[in-house]
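Notes follow the structure.
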């Protein structure tokens, strides 16, 4: 999975590099940067992602979800980056 994210790093668009926060016809700011990156592992049936605000790769095990449910399940992608100090 790490190799997939290393490959996807080549396509990251930094904030402000492509347009100046333009808005659509409804006044919503159009994203001008990579808001999230994701990859799927079909063998383990897991979905992996990281966001602009948190580069830690997180996962969702789809087999632990209620796959027969008719309800829509929302999983928050929000979260701040945690930087771990390594000083002794």
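The values are calculated or read from the model by the stated rules, or taken from the named source; none is laboratory data. If you're wondering where the values come from, they're calculated on a predicted model, not measured in any experiment. Counting neighbours? That spans all protein chains shown, and the Cβs are built from the backbone with ideal geometry, glycine included.
Determine whether segment 63-82 contains at least one residue that is surrounded by 10 or more Cβ atoms within 10 Å (Cβ to Cβ), under 18 Å from the mean Cα position of the chain (by Cα) and not in a loop (DSSP other than H, G, I, E, B). No, segment 63-82 has no match at all. Take the conditions at pLDDT below 95 and touching a strand residue (DSSP E or B) at 6+ places or on another chain (Cβ under 8 Å) and apply them to residue 52. Does it pass? Spelling it out, residue 52 is indeed at pLDDT below 95 and touching a strand residue (DSSP E or B) at 6+ places or on another chain (Cβ under 8 Å).
I need the full set of residues from segment 19-43 which are part of a loop (DSSP other than H, G, I, E, B) and surrounded by 12 or more Cβ atoms within 10 Å (Cβ to Cβ), in order please. Passing the criteria: 31, 32, 33, 34, 35.
Each residue in segment 39-84 was checked for being within 25 Å of residue 15 (Cβ to Cβ) and in contact (Cβ under 8 Å) with a residue 40 or more places away in the chain, and 4 pass. A count restricted to segment 45-59 and to residues that are in contact with a helix residue (DSSP H, G or I) (Cβ under 8 Å, 6 or more places away or on another chain) and not in a strand (DSSP E or B) stands at 2.
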